[in-house]
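The values are calculated or read from the model by the stated rules, or taken from the named source; none is laboratory data. As the structure is a prediction and not an experimental result, all values here were calculated from the model. Ligands, DNA and RNA are excluded from the accessible area calculation, which covers all protein heavy atoms including side chains. Shrake-Rupley method; radii C 1.70, N 1.55, O 1.52, S 1.80 Å.
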Amino acid sequence: MRLSTVRVADHRTAAARQEGDELVLLPYSDIRALLASGDDWQERAGSADGERLPLAEASLAPLVPHPNKIICLGLNYATHIKEMGRPTPAHPTLFAKFDGSLIGAHDDIHMPPISDDLDWEAELGVVVGRPGRNVPRERALDHVAGYTVANDVTVRDWQHRTREFLSGKTFEATTPVGPALVTPDELPPGASELTISCSVDGHTMQKSNTADLLFDVAHTIAYISTIITLLPGDLILTGTPGGVGAGRDPKVFLRPGQELVTTVEGIGELRNTVVKDRL
Ligand code: ZN
């Protein structure tokens, strides 16, 4: 099953189920509200009927517009660790984003006026379903509602201003997440062995496979839930493979007007245009 959050009238959003080339609106304000509505969310989402609209005409909101948490992994593919000149980490490198950084699958990426170093990071996204604390690795995948595509678009010079990544990672309206949550039954366990790629104006910049994750989805969920309770709708971005702009010689960054396309096999595609914000 494929689920999205779509914009509807009066600045509201609704959860929706994809059915062929249509979306069926569900009686929940977004994916988080659906997942938090009880353990049988999947049956209800699969059987509910409602207003229909053509998928091609839908305005997709961030998959989960307001998660309780957005937790990201840095340095989680060997190729990216090497290009950033970092040692292989013994533990997952975690950082966070705020919900104001999230955009929909086809929304514009807002390049801030104070930087020209906007960089791409194609990532597999995980959406938490069942709440959990101290989840053992063997049961970690039971807590996954589904998988999605994200691009952890980064203001690279601000990321490296200090040792903490946060400032470069949570700029307003920079991080597309979508186009859908794909339930785990449609994908390999832990969404492993899926091709992940990213292109800029049609030129492939990243191409890798989720089998190369240093810390896989089960390990990551077990690790984060040791720290804090995972809640329905929480978003986890699992890190990016090699091929980012800052890892190239010479470095390459996104320019206003360029189109960034991010794909994970079996899940879908993000298509976002860069626009420069003015002060
Ligand atoms: Zn990242």
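So the values come out like this:
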quantity: Phe253 accessible area, 1.4 Å probe, all protein chains in place, Å² to nearest 10; calculated: 30 Å²
quantity: Percent accessible area from carbon and sulfur atoms, the range 158-279, protein chains only, probe 1.4 Å; calculated: 52 percent
quantity: Surface per residue (accessible, 1.4 Å probe) for the range 127-279, Å²; calculated: 43 Å²
quantity: Nearby aspartates and glutamates by direct alpha-carbon distance to Lys69 (threshold 18 angstrom, same-chain neighbours under 8 apart not counted); calculated: Asp30, Asp99, Glu123, Asp152, Glu164, Glu172, Asp234
quantity: Full-stretch length increase - Ile114, Ala78 - with 0.36 nm per residue and alpha-carbon distance subtracted; calculated: 9.9 nm
quantity: Accessible surface ranking that places the most exposed of His110, His80, His160 first, with a 1.4 angstrom probe; calculated: His160, His110, His80
quantity: Candidate residues Lys97, Lys82, Lys251: accessible-area rank, largest first, probe 1.4 Å; calculated: Lys82, Lys251, Lys97
quantity: Accessible heavy-atom area order of His219, His203, His143, highest first, probe of 1.4 Å; calculated: His203, His219, His143
quantity: Fully extended contour minus Cα-Cα distance, from His106 to Thr162, at 0.36 nm per residue; calculated: 17.0 nm
quantity: Helical contribution to [θ] at 222 nm, DSSP H n ≥ 4, -39,500 (n - 2.57), averaged over the chain, rounded to 500; calculated: -3000 deg cm²/dmol
quantity: Heavy atoms of Leu75: accessible area, 1.4 Å probe, square angstrom to 10; calculated: 20 Å²
quantity: The range 1-60, accessible area per residue, ligands and nucleic acids excluded (1.4 Å, Å²); calculated: 54 Å²
quantity: Alpha-carbon centroid distance for the pair the range 40-96 / the range 168-189, whole angstrom; calculated: 3 Å
quantity: DSSP beta bridge pairing in the chain, given as percent antiparallel to the nearest 5; calculated: 85 percent
quantity: Proximal lysines relative to Lys276, as straight alpha-carbon distance under 22 Å, when same-chain residues fewer than 8 apart are discounted; calculated: Lys97, Lys169, Lys251
